[in-house]
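Here the structure is laid out as structure tokens; the discussion comes afterwards.
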Amino acid sequence: MSKQYETVIGLEVHVELATKTKIFCGCSTAFGGAPNTHTCPVCTGMPGSLPVLNKKVVEYAMAVGLATNCKITQVCKFDRKNYFYPDNPQNYQISQLYLPIARDGYVEIEVGEQKKKVRIHEMHMEEDAGKLIHDEWEDCSLVDYNRSGVPLIEIVSEPDMRSADEVIAYLEKLRMICQYLGASDCKLQEGSMRADVNLSVREVGASEFGTRTEMKNLNSFKAITHAIEGERQRQIELIEEGKKVIQETRRWDDNKEYSYAMRSKEDAQDYRYFPDPDLVAVEISDEWLEQIRSEIPELPQSRYNRYMEEIGLQPKEARILADSFDKACLLDEGVNMQRVDAKNIANWILSDISKYLNDKNLELKDTKLTSEEKEHLTTQLSDRISNITLETKLETLIKSKGFTDCVVNLEGSKANVTVMTESDALTAEEVTRIRDALLSQCKGLTAQDITIVEVK
């Protein structure tokens, strides 16, 4: 290949919003229910049923728009997008074309040492379609309408990305923002975050874009990366052979790592959009907009900078904590109590808590370390983890092949350490190492406060 080619990528990212009910009816949005149990005449498109807009959907969309530097459209409308497919019971989708809720935003990404702004063309609200289930044994397709009517925001980027690494960085940034806002859990494996990749190639230095294709069915970052690399190579080979790239929608097969054509790529006119006659315009007052703006929490980049400047964390440590909303909140709650050194709290979260979560394959929000337990936990943490038993083996603190376990209990200003050994007694050097580890982690302890007991 003598010519050099540049990949041009734009994304359409669909995010399911974390409302308890659907966008236009009162049916549950809970994931994993039995097929067709979270349905009603509205979300199954029965004649005579009328939609009623869920206010929380608008608020989540506003929050995501503000957090991604978009301009909010304070008078926006819904439109009907007409297409005929079995998972679309109304034969149209209620979406936004002419007056979407947000426009002209951006997010800043970082790949290696390079920072870059990826522009957001628009963000609109819409309803999700149902799910087709293909039964190979019966040679038929079944439809589950539980997902029909689940609220979505679609975030449409400009074609500003040039590699799979930039795409993944952009998606991670969007996912992080949505999770921070509580707008979505963004679980790709459950379909609550989905990305359609619009990709074309052109010679390096060319001013005009090449013919683009749209890649669907991408439900993991790994699949997205492989699909981008595969489609880039496919288009280059066509161009090198003197053939034309056809504008079309392609479906990615993650098992075969191959894409195949689904249909020709539709444009807006193919859907025959027109204003939805059943829904009035959404008018967003200045007061409502400022209320949503005031409720936006401190976002990841701001926390990242603060953790390095105020706490003295290294960039890698600060990034791990800032990128997790639950861990960041746990850290900030403990620090705000001003009873223990902030760096000690950060180290405890990064070490023992993170190890436990990784071992159990849990998220922090899936444990008792959140919700009503969080306040209790941070109080305990601020009291140097009083009455908490560290149930890990503390491998980073104590490394001796003769140890089978180590349990540390901190009570008040005293520390009791029980060390289980296989046979040999603790050496003076090992006792010193245990004592030094506790002194470094627990502010206020002295060597005289520590009692070490051996159990064989």
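Could you grab me the full set of residues in the stretch 109-126 that are out of contact with any helix residue (DSSP H, G or I) (no Cβ under 6 Å at 6 or more places or on another chain) and either among the acidic types (Asp, Glu) or over 30 Å from Lys316 (Cα atoms) (or both)? If you could, list the steps in order and put the result at the bottom.
Our first condition is that a residue be out of contact with any helix residue (DSSP H, G or I) (no Cβ under 6 Å at 6 or more places or on another chain); within the stretch 109-126, this holds for 110, 112-117, 119-122, 124, 126.
Passing the criteria: Glu110, Glu113, His121, Glu122, His124, Glu126.
Restricting the search to the stretch 55-76, which residues are in contact with a strand residue (DSSP E or B) (Cβ under 6 Å, 6 or more places away or on another chain) and not in a helix (DSSP H, G or I)?
Scanning the stretch 55-76 gives Thr68, Asn69, Cys70, Lys71, Ile72, Val75, Cys76.
Being under 19 Å from Glu248 (Cα atoms) and aliphatic (A, V, I, L, M) is the filter; apply it to the stretch 206-222 and report the residue that is modelled with the lowest pLDDT.
Top of the filtered list is Leu218.
Name the single residue, out of those in the stretch 165-192 being assigned to a helix (DSSP H, G or I) and touching a Lys or Arg at 6+ places or on another chain (Cβ under 8 Å), that is nearest to Val13 (Cα to Cα).
So in the stretch 165-192, the residues assigned to a helix (DSSP H, G or I) come out as 165-181, 188-190.
Narrowing further to those that are touching a Lys or Arg at 6+ places or on another chain (Cβ under 8 Å): 166, 188.
Working: Glu166: 14, Leu188: 11 Å.
Here the answer is Leu188.
If we scan the stretch 218-227, do we find a residue that is buried (at least 18 other Cβ atoms within 10 Å of the Cβ), out of contact with any Pro (no Cβ under 7 Å at 6 or more places or on another chain), without any contact (Cβ under 8 Å) to a residue 24 or more places away in the chain and not β-branched (Val, Ile, Thr)?
No, because not a single residue in the stretch 218-227 is buried (at least 18 other Cβ atoms within 10 Å of the Cβ), out of contact with any Pro (no Cβ under 7 Å at 6 or more places or on another chain), without any contact (Cβ under 8 Å) to a residue 24 or more places away in the chain and not β-branched (Val, Ile, Thr).
What about Ile153, is it under 24 Å from Ser200 (Cα atoms) and either crowded, with 20+ Cβ neighbours inside 10 Å or not assigned by TED's automatic domain parsing to the domain that holds Gln179 (or both)? Steps first, answer last, please.
Values: under 24 Å from Ser200 (Cα atoms): no; either crowded, with 20+ Cβ neighbours inside 10 Å or not assigned by TED's automatic domain parsing to the domain that holds Gln179 (or both): yes.
Against the criterion (under 24 Å from Ser200 (Cα atoms) and either crowded, with 20+ Cβ neighbours inside 10 Å or not assigned by TED's automatic domain parsing to the domain that holds Gln179 (or both)), Ile153 does not qualify.
Just the residues that are part of a strand (DSSP E or B), touching a strand residue (DSSP E or B) at 6+ places or on another chain (Cβ under 6 Å) and either without any contact (Cβ under 8 Å) to a residue 12 or more places away in the chain or not aliphatic (A, V, I, L, M) (or both), please, taken from the stretch 89-114. It would help to see each step written out before you state the result.
So the first thing to find is which residues in the stretch 89-114 are part of a strand (DSSP E or B), and the list is 92-95, 102-111, 114.
Going one step further and asking which of them are touching a strand residue (DSSP E or B) at 6+ places or on another chain (Cβ under 6 Å), we end up with 92-95, 102-109.
Scanning the stretch 89-114 gives Tyr92, Gln93, Ser95, Arg103, Asp104, Gly105, Tyr106, Glu108.
Only one of Glu16, Glu113 is buried (at least 21 other Cβ atoms within 10 Å of the Cβ) and either of a type in the set (D, E, K, R) or not assigned by TED's automatic domain parsing to the domain that holds Glu190 (or both); which? Quick ask: steps written out before the conclusion?
Working: Glu113 fails: buried (at least 21 other Cβ atoms within 10 Å of the Cβ).
Only one candidate qualifies: Glu16.
Taking Tyr145 as the residue in question, decide whether it is under 30 Å from Pro35 (Cα atoms) and hydroxyl-bearing (Ser, Thr, Tyr). Quick ask: steps written out before the conclusion?
Numbers: under 30 Å from Pro35 (Cα atoms): yes; hydroxyl-bearing (Ser, Thr, Tyr): yes.
Taking the combined requirement at face value, the residue satisfies it.
Within the group Asp253, Asp270, which residue is surrounded by fewer than 20 Cβ atoms within 10 Å (Cβ to Cβ) and closer than 22 Å to Gln96 by Cβ? If you could, list the steps in order and put the result at the bottom.
Values: Asp253 fails: closer than 22 Å to Gln96 by Cβ.
Going through Asp253, Asp270 in turn, the sole match is Asp270.
Which one is modelled with the lowest pLDDT, of the residues in the stretch 134-185 that are within 30 Å of Gly45 (Cα to Cα) and small (Gly, Ala, Ser)?
We begin by selecting, within the stretch 134-185, every residue within 30 Å of Gly45 (Cα to Cα); these are 134-156, 178, 182-185.
Narrowing further to those that are small (Gly, Ala, Ser): 141, 148-149, 182-184.
Values: Ser141: 88, Ser148: 95, Gly149: 96, Gly182: 92, Ala183: 95, Ser184: 94.
Per the criteria, the residue is Ser141.
Of the residues that sit in the stretch 239-264 and are basic (Lys, Arg) and free of Cβ contacts under 8 Å to residues at least 24 places away in the same chain, which one is nearest to Met215 (Cα to Cα)?
So the first thing to find is which residues in the stretch 239-264 are basic (Lys, Arg), and the list is 243-244, 250-251, 256, 263.
Next cut, free of Cβ contacts under 8 Å to residues at least 24 places away in the same chain only: 243, 256, 263.
Numbers: Lys243: 20, Lys256: 15, Arg263: 11 Å.
So, considering only residues that are basic (Lys, Arg) and free of Cβ contacts under 8 Å to residues at least 24 places away in the same chain, the one nearest to Met215 (Cα to Cα) is Arg263.
Go through Pro35, Pro86 for me and flag whichever is in the same structural domain as Met125 (by TED's automatic domain parsing), part of a loop (DSSP other than H, G, I, E, B) and under 30 Å from Arg212 (Cβ atoms).
Working: Pro35 fails: under 30 Å from Arg212 (Cβ atoms).
One residue alone meets the criteria, Pro86.
The values are calculated or read from the model by the stated rules, or taken from the named source; none is laboratory data. Remember, predicted model here, so these are calculated numbers, not experimental data. Ideal geometry is used to build each Cβ from the backbone, glycine not excepted, and the neighbour counts take in all protein chains shown.
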